[in-house]
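The values are calculated or read from the model by the stated rules, or taken from the named source; none is laboratory data. Because the structure is predicted, anything quoted here is derived from the model rather than measured. Ideal geometry is used to build each Cβ from the backbone, glycine not excepted, and the neighbour counts take in all protein chains shown. To get the accessible areas, we keep the full protein, side chains included, count just its heavy atoms, and leave off ligands, DNA and RNA. Shrake-Rupley method; radii C 1.70, N 1.55, O 1.52, S 1.80 Å.
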Amino acid sequence: MDRLHNPFTPGAGSLPPELAGRSLVIEDGRVLAGRTLMGRYEKSLLLIGLRGVGKTVLLKHLAESARQNGVLPIQVEVRNAKSDMEELTLRLREALSELDYAEKAKAQIHHAFSVLRNFVKSFSINIGDFGIAIEATAGVATSGKMELDLSEVLIAVAKAAKSANRAIGLYIDELQNLELEAMRGIIVAIHQSAQNALPLYLVGSGLPSIRGLVGKSKTYAERMFNYADIGALSEPDVDAAITIPLNENGLDIEREAIHVIYEQTCGYPYFLQEYGYQLWLSAQEKLITKADVDAIVDCVKRRLDLNFFDVRFDRVSNQERRFLRAMADGEGAESVPVVDVAARLNRTLSSISPIRSSLIRKGMLYSPSHGRVAYTVPLFGDYIKRVVEEGD
């Protein structure tokens, strides 16, 4: 089949042709946006999972769905503190500019612009020509403390949205990278919004470590969220993710072939898209068979190594590679005791602690519980065994 019309999309954050297995979390996101817009409280939502499971896709889908229903979604991907605040501030300004300037809303919208201007000046944030004519509001978002000032900005924007019969949804990707003070500011704003019936909520996505970030931000924070574990798809959902796009384009696939794909991918969405993409390119008949899938397994593994695994592995040092390889020598458990890694490396716990910390900062590992580590990338242990010899 020709590449031009290939329905499958093996790319980071790319919407798949069939968003299978995510109906429950999509409904949760719809209810959250809808109830907030109606002035009714609903817990905010956190999408938690490894890399390659489709969290970013879901976040974008939920944001677009909310927009179509009247919410103003603020979409930000967290990278570093300076650029994050610049992007967030720019998106908030854009949202305020979209609000309907009905007579009853003018004062609140003008106030929100003024508070945002204070925030920009206080933290030397560069978002271009903000508007010289906007006067400062004395004493609001001027403390220079991120937690306090950011919360005041978000509250002011939420009040403006309420006056215009709209709602503000914060859709923040890679939430585990957010600085703790910024997280605290967002938590405080959401908490106060709930107490004062203001239309503000958060949908965040990130690695499992965001549970710890939320827990450290405020003592009450964990009770403010619904947590959605975004993981691998079941075999019936894998069937839907592959079969529906093929059927819509005049092809079909044997159940045995689907089973092979499920076994090879363990149901992880990014890997499924790569299999679908390669099957489309190699298909010679209208019915794809198990033999067709078997024929592309090596090709798909090479492509996943090149486009998914290698780009992450290239960021680590030789010491870090040995640490990751030692983890792969376990018995297939989702997480590994750090003490076992130290024993395999013939090192002390204290001597490998900096390596562990560096790998966590780089987003290669997370700590699911005290004294244990796990890969943030699915099937990474199998990859490590393919590319790094034991003891290298």
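Using a 1.4 Å probe on the protein heavy atoms only, what accessible surface does S209 show? Give it in Å² to the nearest 10.
Ignoring ligands and nucleic acids, S209 comes out at about 50 Å².
Could you size up the charge dipole of the range 198-271 around its Cα centre, putting +1 on the beta carbon of Lys and Arg and -1 on that of Asp and Glu, and report it in debye to the nearest 20?
Charge dipole of the range 198-271: 860 debye, to the nearest 20.
Relative contact order of the range 151-266, please, whole-number percent, based on alpha carbon pairs below 8 angstrom and at least 6 residues apart.
24
Please identify, among G34, G144, G250, the residue showing maximal mean-square fluctuation in a Gaussian network model of the chain using a 10 angstrom Cα cutoff.
Most flexible of the set in this elastic network: G250.
Quick one: helix 290-304 against the long Cα principal axis of the chain, what's the angle to the nearest 10°, folded into 0 to 90?
That works out to roughly 60 degrees.
Once both axes come from the Cα atoms, what is the angle between helix 180-195 and the longest principal axis of the chain, in degrees from 0 to 90, rounded to 10?
Tilt relative to the chain: about 60 degrees.
Give me the accessible area per residue for the chain, probe 1.4 Å, as a whole number in Å².
For the chain, the per-residue accessible area is 47 Å².
Which whole-number percent is the relative contact order of the range 253-354 (Cα, under 8 Å, 6+ apart)?
Relative contact order of the range 253-354: 22 percent.
Which of the chymotrypsin sites (Phe, Trp or Tyr not before Pro) found in the range 132-231 are loop residues per DSSP with 14 or fewer other Cβ atoms within 10 Å of their Cβ?
Of the chymotrypsin sites (Phe, Trp or Tyr not before Pro), the ones in loops of the range 132-231 whose Cβ has at most 14 other Cβ atoms within 10 Å are Y220.
To check you understand DSSP bridge types, tell me what percent of the beta bridges within the chain (both residues inside) are antiparallel, rounded to 5.
15
Name the GluC sites (Glu not before Pro) in the range 264-364 that are in a loop by DSSP and that have at most 16 other C-beta atoms within 10 Å, would you?
When the GluC sites (Glu not before Pro) of the range 264-364 are filtered for loop state and at most 16 Cβ neighbours within 10 Å, E285, E331, E334 remain.
Give the relative contact order (percent, whole number) for the chain; include only Cα pairs under 8 Å separated by 6+ residues.
Contact order relative to length: 20 percent.
Per residue of the range 44-57, in order, report the coupling 6.51 cos²θ - 1.76 cosθ + 1.60 (Karplus, θ = phi - 60°) as ³J(HN,Hα) in whole Hz, putting x for Gly and Pro.
Running phi through 6.51 cos²θ - 1.76 cosθ + 1.60 with θ = phi - 60° gives 5, 10, 10, 9, 10, x, 6, 6, x, 9, x, 5, 5, 4 Hz.
Express the Stokes-Einstein translational diffusion coefficient of the chain in µm² s⁻¹, to the nearest whole number, given a Kirkwood radius over alpha-carbon pairs, 25 °C and a viscosity of 0.890 mPa s.
For these conditions, the coefficient is 107 µm²/s.
Which Cα, out of S358, L96, F113, lies furthest along the positive dipole direction of the chain (beta carbon charges, K/R +1, D/E -1)?
With unit charges placed on the Cβ atoms, the residue in question is F113.
Relative to the longest principal axis of the C-alpha atoms of the chain, give the angle of the C-alpha long axis of helix 255-265, reported between 0 and 90° and rounded to the nearest 10°.
Result, in degrees: 70.
Would you mind telling me the share, in percent, of accessible area of the chain contributed by carbon and sulfur at probe 1.4 angstrom?
49
Test of understanding: in a Gaussian network model of the chain with alpha carbons linked when under 10 Å, which of S217, S353, S193 would top the mean-square fluctuation ranking?
S353
Roughly how many Å is it from the Cα centre of the range 1-52 to that of the range 222-295, as a whole number?
The range 1-52 and the range 222-295 have Cα centres spaced 17 Å from each other.
Straight-line reach from K106: which aspartates and glutamates fall under 14 Å, measuring Cα to Cα and dropping same-chain residues less than 8 apart?
Of all the aspartates and glutamates, those that pass the test against K106 - Cα under 14 Å, at least 8 places apart if same chain - are E98.
At a Cα cut-off below 21 Å, give the lysines reachable from K145, other chains included and same-chain residues fewer than 8 away excluded.
K82, K121, K216, K218
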